[in-house]
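Participant: My structure is below; once you've seen it, I'll send some questions.
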Amino acid sequence: MVDYENKPKKAKFDEDDKSKNVELDDDARPKKVELEGVVAEKLPNNLFIVELDNSLKVLAHVSGRMKMNCINILPSDRVKVELNPNDKTKDGRFRAKIVFRSK
């Protein structure tokens, strides 16, 4: 025989809970900043060190759309980078995503 008494009970929801829509404020998500820079160094695993125009160096990876379209990035290429100000690596560099390569 199976003992059903130890089975956890499901939480009951009111009809009011289902009708509530949760809306996120614009301030709830971190702001992303787009900056331009030059690829200084290519690292393994599609990582790059990009030197921005304000002389800040960031660790950047290639966006999925650029991988899908097989866009190659080489050192000394001019790129547009999307930067999240809250993301930092252990060594203090910012993490970024390369979203555009200039011709």
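Participant: State, to one decimal in nm², a quarter of the convex hull surface area for the C-alpha atoms of region 31-97, i.e. the direction-averaged projected area.
Facilitator: Details: hull surface 18.0 nm².
Mean projected area of the Cα convex hull: 4.5 nm².
Participant: Also, quick follow-up: So, in nm, how far is label LYS103 from label ASN54 when the simple model puts each one 7 Å beyond its Cα toward the Cβ?
Facilitator: 3.0
Participant: Here's a follow-up. I'd like the Karplus ³J(HN,Hα) series for region 96-103: coefficients 6.51, -1.76, 1.60, θ = phi - 60°, whole numbers in Hz, and an x wherever there's a Gly or Pro.
Facilitator: 9, 10, 7, 10, 7, 10, 6, 8
Participant: Which of the listed residues, VAL79, ASN46, VAL58, is farthest toward the dipole's positive end in region 35-103, when Lys, Arg count +1 and Asp, Glu count -1 at the beta-carbon?
Facilitator: The residue sitting farthest along the positive end of the dipole is ASN46.
Participant: Spin-label point model (7 Å from Cα, Cβ direction): what's the SER63 to GLU36 distance in nm?
Facilitator: Here the modelled spin labels are 1.6 nm apart.
Participant: Using a simple spin-label model with points 7 Å from Cα along the Cα→Cβ vector, what separation in nm is obtained for LYS90 and LEU47?
Facilitator: Distance between label points: 1.0 nm.
Every number here is computed from the coordinates shown, using simple stated rules; none is lab data. A quick note: this is a predicted structure, and the numbers were derived from the prediction, not measured. Note: ideal-geometry Cβ built from the backbone for every residue, glycine included; neighbour counts use all protein chains shown.
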